[in-house]
Amino acid sequence: MSKVSVVLGAFYGDEGKGRTTDYLSQNADMSIRATGGNNAGHTVTVDGVKYALHLVPSGILSNKTIGVIGNGVVIDPKVLIEEIEMLKESGIKVEENLRISEKAHVIFPYHCVLDQMLEDKREHKIGTTKRGIGPCYCDKYERSGIRMEDLYKPNFKELLKEQVDKKNELFQMNGYPLCDFDELYQNYTHYAEVLKPYVCDTINLIHDYLEQDKVVISEGAQATLLDIDFGSYPFVTSSNPTIGGILTGSGLSARDIGDVYGVIKAYSSRVGEGPYVTELLDETGDQIRELGHEYGTTTHRPRRCGWLDLVALNYAIKINGINYINMNHLDTIGKFDEFKVCCAYLVDGKETKSFSCNETFLAKAKPVYKTFKGNFGDISRCRTFEDLPQNAKDYINYIEEYTNCTIKLIGVGADRECMIVRD
């Protein structure tokens, strides 16, 4: 049986996972999305065309890879259909290559209203995208959620009516707009019909591919430090974007996992609220944002930017069993005369290389930096490690030595072909 290569974010998301997945998909038969919803986005540039994907696995862009939306994903059907139409118009073979788990839970407009209401009432804002992701997962674990397979059951209307009535009662008490049941039922009946050809038992499909020794990859959404269990709680997402979520969100087993790619940028960024030890609240942070075009794929919010944090990276490597690193935006960081990397924290006057998501610990932590020389020049045409200038090699070598992990893929530009692959 073949083993699944997994692509995961090692920080706060937006590291370029879609690009890594797109690259690996050139030789893959299947690409699986296992967690999250349309609160996440993958921006992939292929032949000069930029694709912003929110639910469809980015591996589908190869036009020969089956894209699977796994059971761990929460789906807004309206968003998914819009994405499908966009891809069709671009010549992507979606009808042949997209599959949706019948066990994936469905987002309804009342989830989005509830998301807004909960955020409004928080004294300390989390920074939710208000896409209804958290409330949909709440319904899932409260066992009142509606799954894709439920859209086709004879009692779907009754299931939906029960949920709309419960949510409307809550909205009325708090002064929020009510959901129109008839309109909702009509819309979702239509969505169900459009999506029906794609919905299937993806668990058996995935294992059939593995048994046939086909090449399968799984692409993560969000990232390690946004994990509901292992991230900077409560400023996290509502699912497990770490290795455990890949298993429970797809039906894979631990023995099915092969290589695990941890994706990073040559600097770091974060969207939303929460601790961020290496954040730069100055002109340098602003300059990183503009040079790296650091604005959210889904929300277009400006991302908070700072230097790369190796203390946090080692934590992600431990949690996920990462054995390869993919570094993106090496070209971006090389535009600075000099730049820094965090190699330790100073906490209560003591230096440590141990990471913790404890909120009090992170509030006290001050970064200890090592400085590197920049001015890499134009490295977008570099295709081997040897082609890189010495300053860039020094940076990569230091990270590998610090993490004891190979940087196998190095992004040196925005396009698909701007990638160094090391043996």
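Structural remarks
- When Pro241 is tested against (1) in contact with a Leu (Cβ under 7 Å, 6 or more places away or on another chain); (2) under 26 Å from Ile66 (Cβ atoms); (3) outside any loop (DSSP other than H, G, I, E, B), just one condition goes unmet, and that condition is (3).
- For the range 86-121, taking the residues that are among the basic types (Lys, Arg) and more than 16 Å from Phe171 (Cα to Cα), the one that is surrounded by the fewest Cβ atoms within 10 Å (Cβ to Cβ) is identified as Lys88.
- Only a single criterion out of (1) under 11 Å from the mean Cα position of the chain (by Cα); (2) at pLDDT below 95 is not satisfied by Gln26, namely (1).
- Among the residues of the range 275-282, at least one is in a strand (DSSP E or B) and at pLDDT 95 or above.
- Selection from the range 50-85 of residues that are surrounded by fewer than 19 Cβ atoms within 10 Å (Cβ to Cβ) and at pLDDT 95 or above: Lys78, Val79, Ile81, Glu82, Glu85
- Matching residues, the range 122-144, being basic (Lys, Arg) and surrounded by 16 or more Cβ atoms within 10 Å (Cβ to Cβ): Lys130, Arg131, Lys140
- Among the criteria (1) surrounded by fewer than 17 Cβ atoms within 10 Å (Cβ to Cβ); (2) touching a residue at least 40 places away in the same chain (Cβ under 8 Å), the one Asp182 does not fulfil is (2).
- Verdict on Ile379 being in contact with a Leu (Cβ under 9 Å, 6 or more places away or on another chain), farther than 23 Å from Val7 by Cα and not small (Gly, Ala, Ser): yes
- You will find that of Glu294, Glu273, the residue that is in contact (Cβ under 8 Å) with a residue 40 or more places away in the chain, among the charged types (D, E, K, R) and buried (at least 19 other Cβ atoms within 10 Å of the Cβ) is Glu294 and no other.
- Residues that are among the β-branched types (Val, Ile, Thr) and outside any loop (DSSP other than H, G, I, E, B) were ranked within the range 13-52; the one that is farthest from Glu417 (Cα to Cα) is Ile32.
- Under the condition of being in a strand (DSSP E or B) and of a type outside the set (Phe, Trp, Tyr), the residues counted in the range 254-272 number 11.
- Checking each residue in the range 284-314 for being of a type in the set (S, T, N, Q) and in a helix (DSSP H, G or I) picks out Thr284, Gln287, Asn314.
- Listed here are the helices (runs of 4 or more DSSP H) enclosed by the range 53-154 that have at least 3 residues being outside the structural domain of Val271 (by TED's automatic domain parsing), hydrophobic (A, V, I, L, M, F, W, C) and touching a Phe, Trp or Tyr at 6+ places or on another chain (Cβ under 9 Å): 77-89, 109-121.
- A search for C-beta distances below 6 Å between a residue of the range 349-363 that is touching a residue at least 60 places away in the same chain (Cβ under 8 Å) and any residue that is crowded, with 17+ Cβ neighbours inside 10 Å and hydroxyl-bearing (Ser, Thr, Tyr), counting only pairs 6+ apart in sequence or on different chains, returns Cys357/Ser232.
- Checking the range 212-223 against the condition returns no match, with no residue being in a helix (DSSP H, G or I) and of a type in the set (A, V, I, L, M).
The values are calculated or read from the model by the stated rules, or taken from the named source; none is laboratory data. Computed from a prediction, not measured in an experiment: that's the story for all the values here. Heads up, the Cβs are rebuilt from the backbone with ideal geometry, glycines too, and the neighbour counts pull from every protein chain shown.
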